[in-house]
Amino acid sequence: MDDLAALKHATEAALAAASDLRAWDAVRVGVLGKNGSLTGLLKALGQVPAEQRRERGAAVNRLRDELADLVEARRAALEAAALEARLAAERADVTLPPPAIPAGSIHPISRTIEEMTAIFGAMGFTVGEGPDIETDWHNFSALNIPGHHPARADHDTFYLPGTRDGRPLVLRTHTSNVQIITLLTQEPPFRVIAPGRTYRADHDATHSPMFHQCEGIVVDRDITLAHLKGCLVDFLRAYFAQPDLKVRFRASYFPFTEPSMEVDIGWNRRTGEIGAGGDWLEILGSGMVHPRVLANCGLDPREWQGFAFGMGVERVAMLKHGIADLRPFYESDLRWLRHYGFSALAPAMLHEGL
Ligand code: PHE
């Protein structure tokens, strides 16, 4: 091997051994620098005999180009490796790790309200709202329940200190205040449901001082009892997922509807099974909106009619899912929530025949 091939070989080995840019620079200076080995060969060309100088000069210049290329290639490789190492060292994982166990579930009350909203939504209802703290006018008087009316005493009302617009305040005893709010704020015709919290001073296995109702009100021209019946039969059959569920309307009394009807569904008293057996179970209150309620809200009862209904959310949830006791609904007991809670991804079990 001649001296040029030997220098190329040695430079390749030294570059391969240089593991960082500092070592690389030392190799570069040692070969191509002012006192480097290749520079020495160039300087020595003057001593080469004249007849060999041309050939030797061309060979040394070729070697200089080759070495410059090798040095440059090694620099690029070392810089790329340094960048890779830095990116790896500074890597940040911006994703959240998956939860170890699926935690959290939808509470049966939320789930039931979602199902009611879906069913009534398909019938063209929108969702209305009213305050939990309400005036006794919205909760009672406007609904045709005057101060001396026995229904006021039946409601076990929580009265609150203070007034709004000069009217005493209560925790609403039913969602029927939303009938009044809707009649006062929306132009008929409308169809509105209003799920929400209600309060009565009563507490045992079947009563909670706070519970949920879902109100409904429809107002239009020429609304009749037939609309009420069709709407509620369709709802109950969809909610209980039984297309032929037996439904019965029974004359009743509410101050804010005339006529009024309680609605029963078929069930088996012994097994609790909905739709089977020869027994009847009361499930909601309903009736044609009382003309005085319409008039209290500035509507002419000769032009507008409507129907309204109200039902207990916990009650229909308990019946559909076989939950025996009301109290655990509010106790946040994880065992109960895991058992009765719903997966956010589970499809609702509804009869789709609307
Ligand atoms: N507000 C009544 C209750 O709490 C239910 C109801 C609502 C009845 C609408 C008729 C019409 O029992």
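Every read-out reported here was derived from the displayed coordinates using simple, explicitly stated rules and does not represent laboratory data. Every value quoted in this text rests on a predicted model; they were computed, and no experiment measured them. Backbone-built Cβ (ideal geometry, glycine too); neighbour counts: all protein chains shown.
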Filter region 333-342 down to residues that are under 24 Å from residue 242 (Cβ atoms) and touching a Pro at 6+ places or on another chain (Cβ under 8 Å) and give me whichever is nearest to the ligand (Cβ to nearest atom). 340
For region 276-285, which positions are closer than 30 Å to residue 179 by Cβ and more than 16 Å from the ligand (Cβ to nearest atom)? 280
Would you confirm, using the coordinates I've provided, whether residue 261 is in contact with a Leu (Cβ under 9 Å, 6 or more places away or on another chain) and under 24 Å from residue 123 (Cα atoms)? yes
Considering residues of region 202-240 that are touching a His at 6+ places or on another chain (Cβ under 9 Å) and part of a loop (DSSP other than H, G, I, E, B) only, the residue nearest to the ligand (Cβ to nearest atom): 209
With the requirement that a residue be in contact (Cβ under 8 Å) with a residue 24 or more places away in the chain, farther than 26 Å from residue 216 by Cβ and in a helix (DSSP H, G or I), what does region 326-354 give you? 327, 337, 338
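For (1) assigned to a strand (DSSP E or B); (2) under 28 Å from residue 202 (Cβ atoms), each residue gets a yes or a no:
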site: 262; (1), (2): yes, yes
site: 303; (1), (2): no, no
site: 317; (1), (2): no, yes
site: 324; (1), (2): no, yes
Of the residues that sit in region 301-332 and are of a type in the set (Lys, Arg) and closer than 19 Å to residue 265 by Cα, which one is nearest to the ligand (Cβ to nearest atom)? 315
Would you please name the residue that is nearest to residue 229 (Cα to Cα), looking only at residues in region 264-286 that are surrounded by 13 or more Cβ atoms within 10 Å (Cβ to Cβ) and among the small types (Gly, Ala, Ser)? 286
Could you check region 291-301 and list, in sequence order, the residues that are in a helix (DSSP H, G or I) and more than 20 Å from residue 262 (Cβ to Cβ)? 291, 292, 294, 295, 296
